[in-house]
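First the structure, in the form of structure tokens, and then the observations on it.
The values are calculated or read from the model by the stated rules, or taken from the named source; none is laboratory data. Every value quoted in this text rests on a predicted model; they were computed, and no experiment measured them. Because the Cβ atoms are built from the backbone with ideal geometry, glycine has one as well, and the counts that use them run over all protein chains shown.
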């Protein structure tokens, strides 16, 4: 596989993990705390699974982008991130709202923040793909 895919993977993974952390551990913490009866106690949470699933997401986010990359600049990445948000974030946020006793505001915030995250990741990814990365150069 080419270096752009791997550089893109690492870049998207780091970007999404940082944004997920900011959103979930800071911005949404008050709403999570006020609905603590819904979540597992912190001692029972499987937090190690978050970066693992994030790696799978990041790899396939980049892999799928690489298959359709047209070299149209940052707008291509933004559009791609938005499409992924409609495919992943919208059904996830509103599917959870349909089955869990969470406030609508939380579902809307999940969708909004995830959409922003995927759009940012797509913009950054299009930047990585527009770089000239020499296949013989060490990373």
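Could you grab me the full set of residues in the stretch 36-56 that are in contact with a helix residue (DSSP H, G or I) (Cβ under 7 Å, 6 or more places away or on another chain) and more than 14 Å from residue 21 (Cα to Cα)?
39, 55, listed by residue number.
Is it fair to say residue 60 is over 18 Å from residue 111 (Cβ atoms), over 12 Å from the mean Cα position of the chain (by Cα), without any contact (Cβ under 8 Å) to a residue 24 or more places away in the chain and surrounded by 10 or more Cβ atoms within 10 Å (Cβ to Cβ)?
no
Would you tally the residues in the stretch 65-82 being surrounded by 13 or more Cβ atoms within 10 Å (Cβ to Cβ) and either under 20 Å from residue 14 (Cα atoms) or free of Cβ contacts under 8 Å to residues at least 24 places away in the same chain (or both)?
8
If we keep just the residues of the stretch 92-119 that are surrounded by fewer than 18 Cβ atoms within 10 Å (Cβ to Cβ) and within 30 Å of residue 4 (Cα to Cα), which is nearest to the chain's Cα centre (by Cα)?
Only one residue tops the list, namely 116.
Take residue 86 and decide whether it is touching a residue at least 60 places away in the same chain (Cβ under 8 Å) and over 15 Å from residue 126 (Cβ atoms). Walk me through it before giving the result.
Numbers: touching a residue at least 60 places away in the same chain (Cβ under 8 Å): no; over 15 Å from residue 126 (Cβ atoms): yes.
Spelling it out, it is not the case that residue 86 is touching a residue at least 60 places away in the same chain (Cβ under 8 Å) and over 15 Å from residue 126 (Cβ atoms).
Just to verify a result, which residue in the stretch 1-31, among those that are more than 17 Å from residue 129 (Cα to Cα) and in contact (Cβ under 8 Å) with a residue 60 or more places away in the chain, is farthest from the chain's Cα centre (by Cα)? Give the derivation first.
Residues of the stretch 1-31 more than 17 Å from residue 129 (Cα to Cα): 16-31.
Add one more test, that the residue is in contact (Cβ under 8 Å) with a residue 60 or more places away in the chain, and what stays is 16, 19-20, 23, 27-28, 31.
Working: 16: 5, 19: 8, 20: 7, 23: 11, 27: 16, 28: 16, 31: 20 Å.
Looking at residues that are more than 17 Å from residue 129 (Cα to Cα) and in contact (Cβ under 8 Å) with a residue 60 or more places away in the chain, I get 31.
Looking only at the stretch 40-48, decide whether some residue is under 18 Å from the mean Cα position of the chain (by Cα) and surrounded by 15 or more Cβ atoms within 10 Å (Cβ to Cβ). Write out each step before concluding.
Applying the first criterion (under 18 Å from the mean Cα position of the chain (by Cα)) to the stretch 40-48 yields 47-48.
Those still in the list that are surrounded by 15 or more Cβ atoms within 10 Å (Cβ to Cβ) too: none.
Checked against the condition, which is being under 18 Å from the mean Cα position of the chain (by Cα) and surrounded by 15 or more Cβ atoms within 10 Å (Cβ to Cβ), the stretch 40-48 yields no hits at all.
Check residue 21 against each of (1) closer than 30 Å to residue 5 by Cα; (2) assigned to a loop (DSSP other than H, G, I, E, B) and name the one condition it does not meet.
Every condition holds for residue 21 apart from (2).
Residue by residue through the stretch 33-54, note down the ones that are free of Cβ contacts under 8 Å to residues at least 40 places away in the same chain and in a helix (DSSP H, G or I). Break it down into steps so the answer makes sense when it comes.
Kept after step one, since they are free of Cβ contacts under 8 Å to residues at least 40 places away in the same chain, are these residues of the stretch 33-54: 33-34, 36-37, 39-53.
Scanning the stretch 33-54 gives 33, 34, 36, 37, 42, 43, 44, 49, 50, 51, 52, 53.
Residue by residue through the stretch 58-80, note down the ones that are under 16 Å from residue 116 (Cα atoms) and either part of a loop (DSSP other than H, G, I, E, B) or touching a helix residue (DSSP H, G or I) at 6+ places or on another chain (Cβ under 7 Å) (or both). Break it down into steps so the answer makes sense when it comes.
First pass over the stretch 58-80, keeping only residues under 16 Å from residue 116 (Cα atoms): 58, 61, 74-80.
Hits for the stretch 58-80 are 58, 61, 74, 76, 77, 78, 80.
State which residue is farthest from residue 89 (Cα to Cα) when the search covers only the stretch 17-33 and only residues that are at pLDDT 95 or above and surrounded by fewer than 11 Cβ atoms within 10 Å (Cβ to Cβ).
Out of the qualifying residues, it is 30.
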